[in-house]
Every structure is written in structure tokens, then in C-alpha cells.
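The values are calculated or read from the model by the stated rules, or taken from the named source; none is laboratory data. These numbers were taken from a predicted model, which means no experiment stands behind them. Cβ: placed from backbone, ideal geometry, glycine included. Neighbour counts: every protein chain shown. Protein only, heavy atoms only, side chains kept; ligands, DNA and RNA dropped before computing areas. Shrake-Rupley method; radii C 1.70, N 1.55, O 1.52, S 1.80 Å.
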Amino acid sequence: MKRALISVYNKTNLNKLVPFLEKRDYLIYSTGGTYNHISELIKDKNKLNNINEAFDISEQCDGRVKTLHPGIFSGILDKKDVFFNLVVV
């Protein structure tokens, strides 16, 4: 299954992106306000995961440093074992 990490300040056009990804069987990971916004847009709630719960991390600096967690940035940068196929920030 393909995985997308979405964490954005400006939520404009998520109403277009989320259905696009959902139709293509992406599993979406997100947090905070972005997670709440996506949860209103997505039809299959099983395709949405709260990144804090999935990686057992807590938000720091009002949620601005999520991708600095080793479980997250290694999933973005690792060349062999890519966890996230798409990152939207």
C-alpha cells in the first residue's frame, strides 16, 4: 500500500487531493489540524492515521516539529525502505 504524509498550514485544495489519493488506495498519515480537516473529507476512515498515535510520539513546539522524529524523517529519506511515497507539506 502506498503511504502519504500530509501536514500543511494552508488546507486549500485538500478537498481535491484527499479524494484523489483515496481513490488510488493511499494510506494517509497526518496530525493536528490537518488530520481533523482530512477526517472530514475522507470517506474511508481506515485510510487515515494519526501520525502521533501510529508512531507513538507527542507533539512539540505546538505541533511544528513532527517530521524531526527519527521514525518520520527516516521514512521520508531512506533510499531502501521508503515508508512514505508522498509527502505534502
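Quick look at the values:
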{"item": "Per residue Cα convex hull volume in Å³ - calculated over the chain", "result": "89 Å³"}
{"item": "Per residue solvent-accessible surface (Å²) - the chain, probe of 1.4 Å", "result": "65 Å²"}
{"item": "FRET E, pair Asn85, Glu59, Förster distance 25 Å, beta-carbon r, rounded to 0.05", "result": "0.55"}
{"item": "Amide hydrogen neighbours beyond the local backbone of Val87, cut-off 5 Å, H modeled", "result": "Leu5"}
{"item": "FRET efficiency, Phe20 to Ile76 (Cβ-Cβ, R0 22 Å, nearest 0.05)", "result": "0.60"}
{"item": "Given charges at beta-carbon only (K, R positive; D, E negative), |dipole| of the chain in Debye", "result": "380 debye"}
{"item": "Set Lys23/Lys43; Lys2/Lys47; Lys47/Lys80; Lys2/Lys23; Lys23/Lys45; Lys16/Lys43 screened for pairs whose C-alpha atoms are more than 18 Å apart", "result": "Lys47/Lys80"}
{"item": "Theoretical FRET efficiency, 1/(1+(r/R0)^6), r = Cβ-Cβ of Met1 and Glu40, R0 22 Å, to 0.05", "result": "0.45"}
